[in-house]
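Accompanying notes for the structure given below.
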Amino acid sequence: MKSLNPIEFVKGLQGILNAKVKLPASLSDNPVLQLLIRRRSVRKFQQKDIPDDVFRIILEAARLAPSTVNLQTWKFGIFNQESWQETFEKPIPFKGNRAVIILGDMHRIRRTMDEFPFKPLVEYTLSVINASIAAYAMNIAAEACGVSSVMLSETGKTGFYDAKYLKEKLGLPDGVYPVMTIVFGYARGKMPVMPPKLPLKSIVFSGTSYEEADENILREWLEQMMAGYRASFVTQSFKGKLNHYLKKVDQAERNLSKLIFYREEEFKDKIE
Ligand SMILES: Cc1cc2nc3c(=O)[nH]c(=O)nc-3n(C[C@H](O)[C@H](O)[C@H](O)COP(=O)(O)O)c2cc1C
């Protein structure tokens with residue numbers, strides 16, 4: 001990935017700042033659509049408590065989420081600042097007020113039904129899909145209550161990158177898969193600007209087969225990502241952030257393989 005020259009940097013920033021999502025006039029005052037557009041991942045929080053009834057309705061949104069055959073293959077570890085500190089010996093990432101660890105859970109299903117043959121990749125995929133949908137439901141319910149959030153797959157050692165650590169720390173049974181953590185709180189300061197989103201034409205196709213996205217659009221997106229990082233973080237670059245993830249990839253892959261193919265004797269060839 002090459003670095004940005006000053007012109008590309010300015011162009012990248014302009015691209016971010018000029019991006020607007022417009023609702024059609026007939027829907028411009030639709031509160032749900034407005035919320036979907038306004039939602040941002042927030043990483044600065046006020047030291048203000050989320051009331052219990054508000055947090056509860058956020059959890060209810062997860063409980064009522066859709067899932068494959070209504071199997072509800074999920075589990076949620078819920079934390080306030082004290083219980084997080086006690087468990088992980090550090091504050092909730094970004095000093096959030098509450099956190100939820102989202103887990104895909106096939107273990108509970110197996111306790112109720114023994115019909116499921118052991119098909120580890122199917123189980124993993126299915127439970128992660130369902131748990132992720134529930135996570136987004138929480139995210140949106142929180143926004144509707146004026147509570148901001150950020151999903152984390154890596155920061156704070158509490159996402160799928162650190163599945164092995166979490167399995168040990170929380171005593172997770174086989175068939176329970178860490179997916180991500182969501183940190184909740186009331187946003188502090190100005191809402192973040194929308195990061196570069198790819199235009200619709202590069203992520204949809206309407207013909208009979210897959211269409212490649214235009215190379216120029218992809219390059220513009222990357223330049224905007226790099227420019228946005230440079231403008232937002234003095235000490236961090238997009239490349240640096242990416243490298244931070246990549247350094248952990250090998251270990252994460254090995255740990256996840258063990259977690260998914262936990263009946264080792266049947267899947268020796270799949271586990272490094
Ligand atoms: C599954 C998932 C994992 C994420 N993990 C992290 C993370 O570890 N650290 C972080 O700062 N943001 C994380 N994010 C937030 C993304 O960076 C953010 O969604 C993306 O930049 C788009 O910004 P937006 O949510 O404001 O639209 C994650 C988001 C998702 C959906």
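Mind checking whether some residue in the range 216-227 is within 22 Å of the chain's Cα centre (by Cα), within 11 Å of the ligand (Cβ to nearest atom), under 22 Å from MET151 (Cα atoms) and in a helix (DSSP H, G or I)?
Checking the range 216-227: at least one residue is within 22 Å of the chain's Cα centre (by Cα), within 11 Å of the ligand (Cβ to nearest atom), under 22 Å from MET151 (Cα atoms) and in a helix (DSSP H, G or I).
Output the residues belonging to the range 153-169 that are within 13 Å of the ligand (Cβ to nearest atom) and farther than 10 Å from ASN255 by Cβ.
SER153, GLU154, THR155, GLY156, LYS157, THR158, GLY159
For (1) crowded, with 23+ Cβ neighbours inside 10 Å; (2) on the phi > 0 side of the Ramachandran plot; (3) assigned to a loop (DSSP other than H, G, I, E, B), each residue gets a yes or a no:
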residue	(1), (2), (3)
LEU103	yes, no, no
ILE109	no, no, no
GLU115	no, no, yes
PHE118	no, no, yes
TYR124	no, no, no
ASN130	yes, no, no
MET138	yes, no, no
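Assuming PHE9 fulfils every condition listed in (1) within 16 Å of the ligand (Cβ to nearest atom); (2) surrounded by 15 or more Cβ atoms within 10 Å (Cβ to Cβ); (3) part of a helix (DSSP H, G or I) apart from one, which condition is it?
Unmet condition: (1).
Which condition breaks for VAL32 when tested against (1) out of contact with any Gly (no Cβ under 6 Å at 6 or more places or on another chain); (2) buried (at least 17 other Cβ atoms within 10 Å of the Cβ); (3) over 25 Å from TYR161 (Cα atoms); (4) among the aliphatic types (A, V, I, L, M)?
With (1) out of contact with any Gly (no Cβ under 6 Å at 6 or more places or on another chain); (2) buried (at least 17 other Cβ atoms within 10 Å of the Cβ); (3) over 25 Å from TYR161 (Cα atoms); (4) among the aliphatic types (A, V, I, L, M) applied to VAL32, the lone miss is (2).
Could you identify the single residue in LYS248, LYS239 that is in a helix (DSSP H, G or I), farther than 24 Å from GLY12 by Cα and either touching a strand residue (DSSP E or B) at 6+ places or on another chain (Cβ under 7 Å) or in contact (Cβ under 8 Å) with a residue 40 or more places away in the chain (or both)?
LYS248
Being away from the ligand (no atom under 16 Å from the Cβ) and in contact with a Cys (Cβ under 8 Å, 6 or more places away or on another chain), is that true of even one residue in the range 55-63?
Within the range 55-63, one or more residues are away from the ligand (no atom under 16 Å from the Cβ) and in contact with a Cys (Cβ under 8 Å, 6 or more places away or on another chain).
State all residues of the range 192-238 that are of a type in the set (A, V, I, L, M) and surrounded by 12 or more Cβ atoms within 10 Å (Cβ to Cβ); if no residue qualifies, say none.
VAL193, MET194, LEU198, ALA213, ILE217, LEU218, LEU222, MET225, MET226, ALA227, ALA231
Being touching a residue at least 60 places away in the same chain (Cβ under 8 Å), part of a helix (DSSP H, G or I) and farther than 22 Å from GLU264 by Cβ, is that true of even one residue in the range 143-153?
Among the residues of the range 143-153, at least one is touching a residue at least 60 places away in the same chain (Cβ under 8 Å), part of a helix (DSSP H, G or I) and farther than 22 Å from GLU264 by Cβ, which makes the answer yes.
Taking PRO196 and the conditions (1) within 14 Å of the ligand (Cβ to nearest atom); (2) assigned to a helix (DSSP H, G or I), which numbered condition does it fall short on, given that it satisfies the others?
If we test PRO196 against (1) within 14 Å of the ligand (Cβ to nearest atom); (2) assigned to a helix (DSSP H, G or I), just (2) comes out false.
Just so you know, all these numbers are worked out from the coordinates, no wet-lab data involved. Just so it is clear, the model here is predicted, and its values are computed rather than measured. Positions of Cβ are generated from backbone atoms using ideal geometry, with glycine treated the same way; all protein chains shown enter the neighbour counts.
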